[in-house]
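Below: the structure, in structure tokens.
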Amino acid sequence: MWNYIEERVLKCAEYIVETGCTVRACSAHFSISKSTVHKDVSERLKYIDADLFERVREVLNLNLSERHIRGGIATRAKYEEKKK
């Protein structure tokens, strides 16, 4: 694997573990596509650092389980803002 790809994978993974952010937030922070971040942390990372991969997996699984709640909160905020 190319060195710059490996560095990007590790930076993204560490950022996700430290902040607990979503793939979308990580992609915005590093100005790369969501697809790239997702492929980096879900496929490439397990070959680079298995321990870090497991920690990232935990964060992403938590985000996945909370996704429907976040969507409801965003929708409520949208309509409350419209009401004002």
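Taking the residues in region 56-84 that are β-branched (Val, Ile, Thr) and free of Cβ contacts under 8 Å to residues at least 12 places away in the same chain as candidates, determine which candidate is nearest to residue 3 (Cα to Cα). The qualifying residue nearest to residue 3 (Cα to Cα) is 69. Scan region 1-15 residue by residue and report those that are more than 12 Å from the chain's Cα centre (by Cα) and surrounded by fewer than 15 Cβ atoms within 10 Å (Cβ to Cβ). If the condition is that a residue be more than 12 Å from the chain's Cα centre (by Cα) and surrounded by fewer than 15 Cβ atoms within 10 Å (Cβ to Cβ), then 1, 2, 3, 4, 5, 7 are the ones that fit. Taking every residue in region 1-13 that is in a helix (DSSP H, G or I) and pairing it with any residue that is modelled with pLDDT of 95 or more and among the charged types (D, E, K, R), at least 6 positions away or on another chain, the pairs with Cβ-Cβ distances below 6 Å are 9/40; 9/44; 12/40.
Scanning region 16-33 for residues that are assigned to a helix (DSSP H, G or I), touching a His at 6+ places or on another chain (Cβ under 9 Å) and surrounded by 15 or more Cβ atoms within 10 Å (Cβ to Cβ) yields 23, 27. Just one of the listed residues (36, 75) is of a type outside the set (Asp, Glu), in a helix (DSSP H, G or I) and surrounded by fewer than 11 Cβ atoms within 10 Å (Cβ to Cβ), namely 75.
Counting only residues that are among the aliphatic types (A, V, I, L, M) and free of Cβ contacts under 8 Å to residues at least 24 places away in the same chain, region 35-55 holds 1 of them.
The values are calculated or read from the model by the stated rules, or taken from the named source; none is laboratory data. Remember, it's a predicted structure, so these values are computed and weren't measured experimentally. Here Cβ is always computed from backbone atoms with ideal geometry, including for glycine, and neighbour counts include all displayed protein chains.
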